[in-house]
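Participant: Would you mind keeping the following structure in view while I ask a few things?
The values are calculated or read from the model by the stated rules, or taken from the named source; none is laboratory data. Computed from a predicted structure; not experimentally measured. When we count neighbours, we look across all protein chains shown, and the Cβ atoms used for this are built from the backbone with ideal geometry, even at glycine. Heavy atoms of the whole protein, side chains included, go into the accessibility calculation; ligands, DNA and RNA do not. Shrake-Rupley method; radii C 1.70, N 1.55, O 1.52, S 1.80 Å.
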Amino acid sequence: MSALTFYTNPMSRGRVVRWMLEELGIPYDTEILDFDGAMKTPEYLAINPMGKVPAIQHGDTLVTEVAAICTYLADQFPEKGLAPAMNSPERGSYYRWMFFMAGPFEMATTANAYDWRIDDNNVQAVGCGRLEDVIRTLEQALQKGPYICGQHFTAADVLVSSYLWWEMMQQHLPPNDVFEDYTKRMESRPAAKRANQLDDELAEQMKTVTA
């Protein structure tokens, strides 16, 4: 049994953490939970009272929330090189984009998807600001390339690329050549392909079981 257990569903944000785990190349156990059943049991609610995935248990440590899990894993396995060194200039940029994607980006794109009002009357009070500001900010950062934190691939690229890909696929973002080029390059990584294959196969298996 591995010292790390990964709680997920192949049709969830757990796919981001799967990619992160495959980039690390470490052993881990996977627990697949269905949305309306296992995620709401007392056993799993003791792990994550939100009743959501993903979550990981690493020894005695429980971590939930995608950005937190990716940040934690990168720091636990520094030899894998998925986070800038603590004393490097890139460390601040790394934290910036991790929090940006988990905060302003996800809030702004969700507001856009569900027609939540963000306009001149409330934009200064809304933490994410306007969607167009979020898009412009990311676009400017990615144009500097080749990665979100400069010259090296990090866990921040796992998060940024995954969230961009999803929102573009859902058509919650307008077409953007910078975003498309970036996500295609990131998704072409061997670990990303392995992760997608694993989760696609699990999704098909779950369909068979419930059919």
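Participant: Rounded, prolate or oblate: pick one for region 37-192, where a ≥ b ≥ c are the square roots of the eigenvalues of its C-alpha gyration tensor, a/c under 1.5 means rounded, and failing that, prolate if a/b is larger than b/c, else oblate.
Facilitator: In terms of gyration-tensor shape, oblate.
Participant: If packing is taken as the average number of other Cβ atoms within 10 Å across a peptide's residues, how do 23-35, 100-112 rank, most packed first?
Facilitator: Output ranking for 23-35, 100-112: 100-112, 23-35.
Participant: So what's the gap between the Cα centers of region 164-191 and region 65-89, to the nearest angstrom?
Facilitator: If we compute the Cα centre of each part, the gap is 23 Å.
Participant: Under a crude label model (7 Å from the Cα following the beta-carbon direction), how far is D200 from E43 in nanometres?
Facilitator: 3.1
Participant: Per DSSP H run of at least 4 residues, take -39500 (n - 2.57); add these up for the chain, divide by its residues and hand me the 222 nm value, nearest 500 deg cm²/dmol.
Facilitator: -15500 deg cm²/dmol
Participant: What chymotrypsin sites (Phe, Trp or Tyr not before Pro) in region 140-195 are in a loop by DSSP, with at most 14 other Cβ atoms within 10 Å of the Cβ?
Facilitator: Those that pass, being in a loop and sparsely packed, number zero.
Participant: Oh, and also: Taking only C-alpha pairs under 8 Å that are 6+ residues apart, what is the relative contact order of region 85-148 in percent?
Facilitator: Value for region 85-148: 30 percent.
Participant: Something else now. Over the chain, give the accessible area per residue in Å² for a 1.4 Å probe, as an integer.
Facilitator: So the chain comes to 54 Å² accessible per residue, rounded to a whole number.
Participant: Among S188, G14, A203, whose Cα sits farthest toward the positive end of the charge dipole of the chain (+1 at Cβ of Lys/Arg, -1 at Cβ of Asp/Glu, about the Cα centre)?
Facilitator: It is S188, whose Cα lies furthest towards the positive end.
Participant: Something else: At a Förster radius of 41 Å, what calculated FRET efficiency corresponds to the Cβ-Cβ distance of M50 and D177, to the nearest 0.05?
Facilitator: The calculated FRET efficiency here is 0.65.
Participant: Only residues of region 161-201 count here: report those whose backbone N is under 13 Å from the spot 7 Å along Cα→Cβ of D133, or say none.
Facilitator: none
Participant: Here's something else I'd like to know. Hey, which lysines would be in cross-link range of K144, C-alpha to C-alpha under 27 Å, not counting anything within fewer than 8 residues on its own chain?
Facilitator: K80, K184, K193
Participant: Specify whether the C-alpha gyration tensor of region 26-89 places it in the rounded, prolate or oblate class, a ≥ b ≥ c being the square roots of the eigenvalues: rounded for a/c under 1.5, otherwise prolate if a/b is larger than b/c and oblate if not.
Facilitator: prolate
Participant: Percent relative contact order of the chain, based on C-alpha pairs within less than 8 angstrom and at least six residues apart?
Facilitator: With pairs under 8 Å counted, the relative contact order is 22 percent.
Participant: Which value in nm describes the separation of the simple spin-label points at I26 and V123, placed 7 Å from the Cα toward the beta carbon?
Facilitator: 4.2
Participant: Once you list every other residue whose beta carbon is under 11 Å from the beta carbon of Y7, what net charge do they have if Lys and Arg are +1 and Asp and Glu are -1?
Facilitator: -2
Participant: Take the solvent-accessible surface of the protein heavy atoms, probe 1.4 Å, and return the percent of it on the chain that carbon and sulfur atoms account for.
Facilitator: Percent of accessible area from carbon and sulfur atoms in the chain: 53.
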